[in-house]
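Worksheet: one structure, shown below.
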2 protein chains.
Amino acid sequence: MEGIEIKNLVKKFRKDIVLDDISFNIEPEKIYGLLGRNGAGKSTLMNIIADRKFSNHGSVTLDGITIHDNDEQLSRIYLTSEVDVYPDRFKIKDLFSWIADIYKEFDYDLCKKLSSEFKLNEDSKFGNLSTGYNSIVKAIVALCVPADYIFLDEPILGLDAKNRDVFYNALIQTYSDRPRTFVISTHIIEEIANIISDVIVIKDSKVLINDSTENILKSSYEVTGPAAEVDRYTEDLNIIGSESLGKIKSNYIFGDLNDKPIPDTVTISNIDLQKLFVNLTDRE
Amino acid sequence: MEGIEIKNLVKKFRKDIVLDDISFNIEPEKIYGLLGRNGAGKSTLMNIIADRKFSNHGSVTLDGITIHDNDEQLSRIYLTSEVDVYPDRFKIKDLFSWIADIYKEFDYDLCKKLSSEFKLNEDSKFGNLSTGYNSIVKAIVALCVPADYIFLDEPILGLDAKNRDVFYNALIQTYSDRPRTFVISTHIIEEIANIISDVIVIKDSKVLINDSTENILKSSYEVTGPAAEVDRYTEDLNIIGSESLGKIKSNYIFGDLNDKPIPDTVTISNIDLQKLFVNLTDRE
């Protein structure tokens, strides 16, 4: 198959199982949101796919060929660094030209354009960057490298509202200029809901969901009304959470509704991705 | 006066002026939001107040006494570390008891309670924490130290939605148990709008605003209607931004409205803190 195939991946830290026999695919030319609670293993998963950490078991292939120790396959994958790997005294402009030397097809024009849009001072040294500009430098590089599968680990960490917009717009623009796969982990879910075509949710060391954003939102409902009637209508459904205010209750549903008649006092509406995620991942 | 008084503070990095002769006060028992674009100098300002970085000019006093090199005054101020100052191999539980040794009145009960609410594994080593849990450990310490002025530099960096709620609720709870001053820098403004009593906005190396959230929101308006009528009504006002959709225009106003009659086709509504901030800080 085309794309990245993750098969029976297991990762343990001592006695803790971080990834428990997970299998899923990452397809070409899609923009994925990789969602999960703090500590769910998102960074670990991305590091294993990019061959920076080792799994205890399982395989990762790209277009059917093992990625591990395979330079040709690895050159098609790019993962933003979690930690700061560049020397503190390195100037940003030297960093960019160094990366452009490594990746022959690095999009230097886009890099210059984004630096200007983010008002990045390329004469700054890496060690003097603020939290936000540290993220900005990493994001610029990720959007300009010629890889086919680009993993962005919390790209908007510390970015102000305006710069988050610059990033989201740049992502959409470069994707439409040259479609390729982006996998974005983030905790500001409502802001990427309109950008991502697909959602991967990790919970309890497993992949809970891997589906299109459209399908997921179509299957997410809030059923609101008098508590007794809401409970009666939703009793056979997949209730993922609920909220009450006095005698009024909302049950959140993920999956199909049933064919029972909907009581007049009960209203059904769709919920957004952030609310769905919180309810899906908050259950013990 | 009571509180922290910042007077004529100047900070330069080589030829760049980061803080340009700024003066303002931080009062006792308030919760401040410290807002500013990426690179505005928020972290630098907090580091100077906490005597971790030096200013080129100006003074910072607490209750009238200079903070610089004054251990007694410094013990009343706590700033979360921007970088990771703890050894990678340090276990979280050892970190907590080490801090409890330093600060005799460290709130150990609250520390244990928060660790459990955040589902923090205290046997983890500092170097193995994910981005989110790194922030969580720093936030727990900041909420439990017995200081009177607590500076939280981007406390929710990398926290998931549920853990952000845990943090906000813990902050409100500990503040109401023992009122003291918190100064919080963040870029997820809409989430703290209901928590902060006061807002400090830094722009172009100056303090643009230092006022109560209530006053600020009372002076923030969106004037919407046909472009010509909106422009005519707002021509004498402090327009901080505008948006257009076809012939309909919104002008954002910060300050007083005038006494002109409001045209029937024009509606005036209040705007939220995030929108106000983006418009205030986006102007060149």
Checklist entry - If the chain between A:N194 and A:R52 were fully stretched, how many nm would it gain, using 0.36 nm times the residue separation less the Cα-Cα distance? => result 48.1 nm
Checklist entry - When the dipole is taken about the Cα centre of the stretch B:47-144, and only Lys, Arg (+1) and Asp, Glu (-1) are charged at their Cβ, what size is it in debye, to the nearest 20? => result 360 debye
Item to check | Test item: Cα-centred dipole of the protein assembly as shown, Lys/Arg +1 and Asp/Glu -1 on Cβ, debye | outcome: 1060 debye
Next on the checklist: Show me, for the stretch B:240-246, the HN-Hα J-couplings you get by feeding each phi into the Karplus relation (A = 6.51, B = -1.76, C = 1.60, θ = phi - 60°), rounded to Hz, glycine and proline as x.
Outcome noted: 9, x, 7, 9, 10, 9, x
Checklist entry - Using the per-residue mean of other Cβ atoms lying within 10 Å as a proxy for protection, in what order, highest first, do the peptides B:7-15, B:90-98 fall? => result B:90-98, B:7-15
Checklist outcome for this item: Listed by chain and number, the residues whose amide H is under 5 Å from that of B:L208, excluding neighbours fewer than 5 places away on the same chain and using placed H, are B:V201, B:I202, B:K203
Checklist entry - What is the stretch A:179-284 by shape, rounded, prolate or oblate, if you read a ≥ b ≥ c off the alpha carbon gyration tensor as root eigenvalues and call it rounded for a/c under 1.5, prolate for a/b larger than b/c, and oblate otherwise? => result prolate
Checklist entry - By the scheme Lys and Arg +1, Asp and Glu -1, what is the net charge of all other residues having a beta-carbon under 10 Å from that of B:Q274? => result -2
Item to check | Other copies of B:D204: label-to-label distances in nm, shortest first, labels 7 Å along the beta-carbon direction | outcome: 5.6
Checklist entry - Using 1/(1 + (r/R0)^6) with R0 = 22 angstrom and r between the beta carbons of B:D211 and B:D63, what's the FRET efficiency to the nearest 0.05? => result 0.50
Item to check | Amide H partners (placed H, <5 Å) of A:G241, local residues excluded | outcome: A:Y252
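Using a ≥ b ≥ c from the Cα gyration tensor of the stretch B:228-280 (square roots of the eigenvalues), is it rounded, prolate or oblate, where a/c under 1.5 gives rounded and otherwise the larger of a/b and b/c decides, a/b for prolate?
oblate
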Checklist outcome for this item: So the B/A interface buries, both sides summed and with a 1.4 Å probe, an accessible area in Å² (nearest 100) of 2300 Å²
Item to check | Signed unit charges on C-beta, dipole axis of the stretch A:163-284, positive-most listed residue A:P261, A:L280, A:A227 | outcome: A:L280
Next on the checklist: Quick check for me: using +1 on Lys/Arg Cβ and -1 on Asp/Glu Cβ, what's the dipole size of the stretch B:93-219 about its Cα centre, in debye to the nearest 20?
Outcome noted: 100 debye
Checklist entry - Once the Cα gyration tensor of the protein assembly as shown is found, what semi-axes does its equivalent ellipsoid get, as square roots of 5 times the eigenvalues, in whole Å, sorted largest first? => result 37, 32, 29
Checklist entry - How much length is gained if the chain between B:T265 and B:D282 is pulled fully straight, taking 0.36 nm per residue apart and subtracting their Cα-Cα distance, in nm to one decimal? => result 3.3 nm
Checklist outcome for this item: Between A:S97 and A:L257, the FRET efficiency computed from the C-beta separation at R0 = 45 Å comes out, to the nearest 0.05, as 0.20
Item to check | Cut-off under 5 Å, modelled amide H: who pairs with B:L19 long-range | outcome: B:K11
Item to check | Copy-to-copy label separations for A:S23, where each label sits 7 Å from Cα toward Cβ, in nm and ascending | outcome: 7.1
Checklist outcome for this item: Taking a ≥ b ≥ c as the square roots of the eigenvalues of the Cα gyration tensor, with a/c under 1.5 meaning rounded and otherwise prolate when a/b exceeds b/c and oblate if not, the stretch A:85-179 is oblate
Checklist entry - Computed FRET efficiency, Cβ-Cβ of B:R178 and A:N70, R0 60 Å: what is it to the nearest 0.05? => result 0.55
Checklist outcome for this item: For A:175-185, B:147-157, B:254-264, ranked highest to lowest by mean beta-carbon neighbours within 10 Å, the order is B:147-157, A:175-185, B:254-264
Item to check | the stretch A:60-72 - phi-based ³J(HN,Hα) in whole Hz, Karplus 6.51/-1.76/1.60, Gly and Pro as x | outcome: 10, 10, 10, 6, x, 10, 4, 7, 3, 6, 10, 4, 5
Checklist entry - Excluding same-chain residues fewer than 8 positions from B:K7, which aspartates and glutamates have a Cα within less than 16 Å of its Cα? => result B:D20, B:D21, B:E27, B:D51, B:D63
Next on the checklist: Can you list the residues in the stretch B:12-31 whose accessible area drops by at least 30 Å² when all protein chains are present, compared with the chain alone? Use a 1.4 Å probe, heavy atoms only.
Outcome noted: none
Checklist entry - Which distances, in nm and shortest first, link the A:I262 label point to the same label point in every other copy, taking 7 Å along Cα→Cβ? => result 3.5
Checklist entry - Excluding ligands, DNA and RNA, what is the solvent-accessible area per residue of chain B at a probe of 1.4 Å, expressed in Å²? => result 47 Å²
Checklist entry - Which is farthest toward the positive dipole end of the stretch B:98-183 among B:L159, B:I140, B:Y175, measuring Cα position about the Cα centre, with Cβ charges +1 (Lys, Arg) and -1 (Asp, Glu)? => result B:L159
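If you take every DSSP beta bridge whose two residues both sit in the protein assembly as shown, what share of them, in percent to the nearest 5, is antiparallel?
Counting only bridges with both partners in the protein assembly as shown, antiparallel ones make up about 70 percent.
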Checklist entry - So how far, in whole Å, is the C-alpha centre of the stretch B:160-181 from the one of the stretch A:117-178? => result 31 Å
Item to check | Cα lying deepest toward the dipole's positive end in the protein assembly as shown, options B:L217, A:S75, A:M1, charges on Cβ | outcome: A:S75
Next on the checklist: Tell me the carbon and sulfur percent of the accessible area for the protein assembly as shown, rounded to whole percent, probe radius 1.4 Å.
Outcome noted: 47 percent
Item to check | Whole-Hz couplings from phi, Karplus 6.51/-1.76/1.60, listed for the stretch A:30-36; x for Gly and Pro | outcome: 10, 10, 9, x, 9, 10, x
Checklist entry - Using a 1.4 angstrom probe with every protein chain in place, what is the largest-first accessible-area order of B:D109, B:D160? => result B:D109, B:D160
Item to check | Area of A:M1 that stays accessible when all protein chains are in place (1.4 Å probe, Å², to 10) | outcome: 100 Å²
Item to check | Cut-off 13 Å between beta-carbons: net charge of the residues surrounding B:D94, Lys and Arg +1, Asp and Glu -1 | outcome: 0
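The values are calculated or read from the model by the stated rules, or taken from the named source; none is laboratory data. Given the structure is predicted, the values throughout are model-derived calculations rather than measurements. Glycine gets a Cβ as well: all are built from the backbone with ideal geometry, and neighbour counts include every protein chain shown. SASA here: full protein model, heavy atoms, side chains in, ligands and nucleic acids out. Shrake-Rupley method; radii C 1.70, N 1.55, O 1.52, S 1.80 Å.
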